[in-house]
Amino acid sequence: MSVEVLILGGTTEGYALAAALADRSGFTPVSSLAGRTASPRRPAGEVRIGGFGGPEGLEAWLRARPTVAAVIDATHPFASRMGWNAAAACAACGLPLLRLERPAWQTVPGDHWDEVEDWEQAAALVAARSRRVLLALGRQELEPFARLDDVWFLIRSVDRPEPMPPFAQAEILLARGPFGLEDERTLLSSHRIDTIVCKNSGGTATESKLAAARALGVRVVMRRRPRRPDLPTVGTVAEAMAWLEATIPAEG
Ligand SMILES: NC(=O)c1ccc[n+]([C@@H]2O[C@H](COP(=O)([O-])OP(=O)(O)OC[C@H]3O[C@@H](n4cnc5c(N)ncnc54)[C@H](OP(=O)(O)O)[C@@H]3O)[C@@H](O)[C@H]2O)c1
């Protein structure tokens, strides 16, 4: 007999935790994906896809599945809603909930960061003092920058922005991380970038741009992570496994 753990996933950490739980006797992972990607990578174990229908929907789903003994919110640091839904639903059902989140990037000496709460603040800073900007954002997040006719943008995106906001001066660079330090330095210098705009995703895959910016004296406008419910939080899969083992002793 084994207990089920619902993983709210769609992230590197969510996939890694599902794999670790699938290998551990006594626990069975059930991964939930939002369904934004047409053909997502499948996590180890059972997978369900699509929204639950708000906190009430998740609560109903959990009540209908009493074999689930704990929930791990491993959604992306910038997925702002799901964590609140999970906190409300788990409180209502009396289920333990853990947040698994990669640590945020921190400034080190030599960095020139301005931290902002939203893209409007970022666009205002860029308008005030930037001329050539690397936008390393999601393609849904470009709109506030398209109004800045005097600024040239290099838009780095995994998929082509559709529809493309009406930028006066912009070039699109289709690319998917991880990115190496030397390539990032070359990119910034060859395009004479003076500012990078990005969000504090954390992790190693896209961190090199920050080291390259530090080396070249390029400013960074960094969006802070959204506020989250006050929950037990860990930064690694190993810590999440230890929490699960302490919180719900596995059977078998
Ligand atoms: N935002 C980012 O930058 C980013 C980057 C990489 C990956 N992701 C992943 O993409 C997913 C969606 O991101 P988002 O920014 O739209 O999140 P969000 O704002 O927190 O969630 C919006 C809605 O999407 C549904 N949802 C989100 N995560 C879900 C999950 N794991 N399983 C089932 N339903 C889920 C929920 O719908 P209902 O209310 O109907 O339940 C939620 O209310 C997340 O799972 C996240 O881990 C996001």
* Structure fact -> In nm, the gap between the two label points placed 7 Å beyond Cα toward Cβ at Arg192 and Glu56 is 5.8 nm
* Asked: Which FRET efficiency value, to the nearest 0.05, is calculated for Val108 and Glu46 with the Förster distance at 51 angstrom and r the Cβ-Cβ distance?
  -> 0.80
* Under 5 Å between amide H atoms, partner at least 5 residues away or on a different chain: which partners does Ile172 have, H built in plane at 1.01 Å? -> Ile155
* Asked: Against the longest principal axis of the chain, how steep is helix 54-63, in degrees 0 to 90 to the nearest 10, with axes from Cα atoms?
  -> 30 degrees
* Rounded to 10°, Cα long-axis angle of helix 237-247 versus longest principal axis of the chain -> 30 degrees
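Between Arg129 and Ala19, how high is the FRET efficiency from 1/(1 + (r/R0)^6) when r is the Cβ-Cβ distance and R₀ = 45 Å? Nearest 0.05. Before the final figure, lay out each step's value.
Values: r = 45 Å, r/R0 = 1.00.
Result of the calculation: an efficiency of 0.50.
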* Structure fact -> From the Cα centre of the range 155-219 to that of the range 75-126, the distance in Å is 21 Å
* Would you mind checking which residues have amide H under 5 Å from Val218's amide H? H placed 1.01 Å from N; only 5 or more apart, or other chain. => none
* To do: Determine ³J(HN,Hα), in whole Hz, for all residues of the range 123-128 in sequence, where each value follows from phi through the Karplus function 6.51 cos²θ - 1.76 cosθ + 1.60 and θ = phi - 60°; x replaces Gly and Pro.
  => 5, 5, 5, 4, 4, 6
* log₁₀ of I(q)/I(0) at q = 0.12, 0.16, 0.23 Å⁻¹ - the range 122-237, Debye sum with one point per alpha carbon -> -0.44, -0.76, -1.42
* Structure fact -> For the chain, averaging the sequence separation of alpha carbon pairs under 8 Å that lie six or more residues apart and dividing by its residue count, the contact order in percent is 23 percent
* To do: With label points built 7 Å along Cα→Cβ from the Cα atoms of Arg225 and Met241, find their separation and express it in nm.
  => 2.2 nm
* Structure fact -> Taking Cα atoms, the helix 12-22 axis meets the longest principal axis of the chain at an angle in degrees (rounded to 10) of 20 degrees
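Which shape class applies to the chain: rounded if a/c is under 1.5, otherwise prolate when a/b exceeds b/c and oblate if not, where a ≥ b ≥ c are the square roots of the Cα gyration tensor eigenvalues? Working shown, then result.
Values: a/c = 2.38, a/b = 2.06, b/c = 1.15.
Cα axes put the chain in the prolate bin.
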* **Residue-by-residue Karplus 3J(HN,Hα) for the range 220-226, coefficients 6.51, -1.76, 1.60, Hz, glycine and proline x** => 10, 9, 10, 7, 5, 5, x
* Structure fact -> Hull volume per residue for the range 51-201, using the convex hull of the C-alpha atoms, in Å³ is 152 Å³
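Bear in mind that the values in this text are calculations on the coordinates, not laboratory data. As the structure is a computational prediction, the values presented were derived from the model and not from experiment. Note that we place each Cβ from the backbone using ideal geometry, even for glycine, and neighbour counts take in every protein chain shown.
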